[in-house]
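*Asks:* So that we are looking at the same thing, I have put the structure below in structure tokens.
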Amino acid sequence: MSELSVKHLLGIKYLNKKDIQLIFETADHFKEVINRSIKKVPSLRDITIANIFFENSTRTKLSFELAEKRLSADVLNFSASQSSVKKGETLIDTVNNILSMKVDMVVMRHPNPGAGIFLSKHVNASIVNAGDGAHEHPTQALLDSYSIREKLHDVAGKNVVIVGDILHSRVALSNIFALKLQGANVKVCGPKTLLPKHIESLGVEVETDLRKALNWCDVANMLRIQNERLDINYFPTTREYTQQFGVNKALLDSLDKEIVIMHPGPINRGVEITSDVADSKQSIILNQVENGVAIRMAVIYLLASKIK
């Protein structure tokens, strides 16, 4: 059997093209499984996985938990807000205490960029990064690319624009790495204040005119404004942001072609996209959610096969 080139999933930047291909082929298999009447396989009956979330999460946490249970793993859920972390315990002590319960894999979300990398060097378990600050969110980028592949049959050569708060978005960075690795053309679009200074060095183009960006692209990935990470005002008002960078049905219908609309969630309806766009036939937002379980099953299964 083919195997991943990595022992952990810390970020897309540590994967190669073959890794992504293998994850997608494995996800194809698991997608069949989760659409059966019996949705469980006994693949990881001997594996224990701890989900450690130092930041709030609904969709990602549920998606990982469901993926783990579909594979018959034993699952521990740990929420930092109700833990000894509040009493000053360090990250390594927290995780080592969990690992002493004979845990094989840790799925972690943490507000500090690089937390997963740091952890992977200090603990003896496979680490899956479920989001580290504004750095990376690899499984989201994988499920996004997988959803594009499913809808348009391939990612290579496709034009993808990522719209919104690029500066604070781990989804944007992981998506740029994943899309470029697979041969897609990528542009970013948003207010200049929400675009990182040297974003072009990642091989993407900047477009500040939303209509031009939409006319160019095959796929638009709409990001929300990360209000929880905004320490200052990056644009005058939400209304003004929506007028310049929000997508509504009238704008979509006025384009020269039909494009695919994506969103990593949660959606701020009426800000970055209106409800009639989110719920339209051009939107693959719910497909992304379904594909998230299959992709996370694939990642966990492939990493577990490397646990000795």
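*Asks:* Can you find a residue in region 57-66 that is of a type in the set (A, V, I, L, M, F, W, C) and free of Cβ contacts under 8 Å to residues at least 24 places away in the same chain?
*Replies:* From region 57-66, those of a type in the set (A, V, I, L, M, F, W, C) are 62, 64, 66; that's our starting set.
Filter once more, keeping what is free of Cβ contacts under 8 Å to residues at least 24 places away in the same chain: 62.
The answer is yes, given that some residue of region 57-66 is of a type in the set (A, V, I, L, M, F, W, C) and free of Cβ contacts under 8 Å to residues at least 24 places away in the same chain.
*Asks:* Residues in region 190-197: is at least one modelled with pLDDT of 95 or more, crowded, with 24+ Cβ neighbours inside 10 Å and within 28 Å of residue 242 (Cβ to Cβ)? Walk me through how you get there before you give the answer.
*Replies:* Taking region 190-197 and keeping what is modelled with pLDDT of 95 or more, we get none.
Checked region 190-197: no residue is modelled with pLDDT of 95 or more, crowded, with 24+ Cβ neighbours inside 10 Å and within 28 Å of residue 242 (Cβ to Cβ).
*Asks:* Condition check: within 16 Å of the chain's Cα centre (by Cα), hydrophobic (A, V, I, L, M, F, W, C) and surrounded by 11 or more Cβ atoms within 10 Å (Cβ to Cβ). Does residue 15 satisfy that? Quick ask: steps written out before the conclusion?
*Replies:* Working: within 16 Å of the chain's Cα centre (by Cα): yes; hydrophobic (A, V, I, L, M, F, W, C): yes; surrounded by 11 or more Cβ atoms within 10 Å (Cβ to Cβ): yes.
Considered against the rule, which asks whether it is within 16 Å of the chain's Cα centre (by Cα), hydrophobic (A, V, I, L, M, F, W, C) and surrounded by 11 or more Cβ atoms within 10 Å (Cβ to Cβ), residue 15 comes out as yes.
*Asks:* Next question, about the same structure. Against the definition (of a type in the set (Ser, Thr, Tyr) and part of a loop (DSSP other than H, G, I, E, B)), how does residue 63 come out, yes or no? Give the steps one after another, and end with the answer.
*Replies:* On the way: of a type in the set (Ser, Thr, Tyr): yes; part of a loop (DSSP other than H, G, I, E, B): no.
Judged against the criteria, residue 63 is not a match.
*Asks:* Identify, please: which residue in region 86-100 is part of a loop (DSSP other than H, G, I, E, B) and of a type in the set (S, T, N, Q) and is, among those, nearest to residue 225 (Cα to Cα)? So that I can check it myself, show each step before the final result.
*Replies:* The initial filter retains those residues of region 86-100 that are part of a loop (DSSP other than H, G, I, E, B), namely 88-90, 100.
Okay, now just the ones that are also of a type in the set (S, T, N, Q), so 90, 100.
Details: 90: 31, 100: 39 Å.
This residue is 90.
*Asks:* Also, quick follow-up: Within the set of pairs 6+ apart or on separate chains, which have a first residue in region 5-30 that is under 13 Å from residue 182 (Cα atoms) and in contact (Cβ under 8 Å) with a residue 24 or more places away in the chain, a second that is assigned to a loop (DSSP other than H, G, I, E, B) and of a type in the set (Val, Ile, Thr), and C-beta atoms under 7 Å apart?
*Replies:* The qualifying pairs are 15/6.
*Asks:* Exactly one condition in (1) among the aromatic types (Phe, Trp, Tyr); (2) farther than 25 Å from residue 41 by Cβ; (3) buried (at least 19 other Cβ atoms within 10 Å of the Cβ) is false for residue 146; which is it?
*Replies:* (2) is the only condition that residue 146 fails.
*Asks:* Right, next: Quick check: is even one residue across region 262-280 outside any loop (DSSP other than H, G, I, E, B) and under 21 Å from residue 8 (Cα atoms)?
*Replies:* So in region 262-280, the residues outside any loop (DSSP other than H, G, I, E, B) come out as 262, 269, 273, 275-278.
From what is left, the residues that are under 21 Å from residue 8 (Cα atoms) are none.
Among the residues of region 262-280, not one is outside any loop (DSSP other than H, G, I, E, B) and under 21 Å from residue 8 (Cα atoms), which makes the answer no.
The values are calculated or read from the model by the stated rules, or taken from the named source; none is laboratory data. A quick note: this is a predicted structure, and the numbers were derived from the prediction, not measured. With ideal geometry, Cβ positions are generated from the backbone for all residues, glycine too; neighbour counts draw on all protein chains shown.
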